[in-house]
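Heads up: the structure comes next, in structure tokens.
The values are calculated or read from the model by the stated rules, or taken from the named source; none is laboratory data. Small disclaimer: the values here were computed from a predicted structure and weren't measured. Positions of Cβ are backbone-derived with ideal geometry, glycine not excepted, and every protein chain shown enters the neighbour counts. Quick note on the areas: whole protein, heavy atoms, side chains included, nothing else; ligands and nucleic acids left out. Shrake-Rupley method; radii C 1.70, N 1.55, O 1.52, S 1.80 Å.
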Amino acid sequence: MNKNKFTISWGDFSRYRSSMFGLSIIGIMVFRYFEHIRSAHLLLKSEQFWDYYIGSTGVDFLLFLSGMGLFYPLTKNDDICQFYKKRLVRILPAYLLVSMPFFAWRDFIHLHTGILTFIRDLLFLNFIDHADTTY
């Protein structure tokens, strides 16, 4: 077997994942920069290549890497309920810490909509029903 042959394995994604996340985040930042330049009508011809052809590939790549990052733990354990429980225990406290004060202020003080709207906001129901994109 030829050892000089260039091959990429799925393990390489795991090994270089942090670097690839960094590159995709830089790509997103550059895309946002050109998006603001375009909205101000200051986009030059030399900058159109990035804006039109490369665009938001950083977002696509970030989602791909995140999906790959979730794929490996999912394949290690057959219990899908345990997989989701572990993620909820990690994500839910941070979400509630940020969202509860905001929605309490918005629903009780600013808009005076009440407890039902507060609960619907926490459960993303207003996002689904009314396309409330405050999130």
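Here are the numbers:
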| read-out | value |
| --- | --- |
| Residues that are more than 25 Å from T134 (Cβ to Cβ) and aliphatic (A, V, I, L, M), drawn from the range 79-88 | I80 |
| Per-region count, the range 28-79, residues assigned to a helix (DSSP H, G or I), charged (D, E, K, R), surrounded by fewer than 11 Cβ atoms within 10 Å (Cβ to Cβ) and modelled with pLDDT of 80 or more | 1 |
| Every residue from the range 89-120 that is farther than 14 Å from D132 by Cβ, of a type in the set (G, A, S) and either assigned to a helix (DSSP H, G or I) or open to solvent by 80 Å² or more (accessible area, probe 1.4 Å) (or both) | A94, A104 |
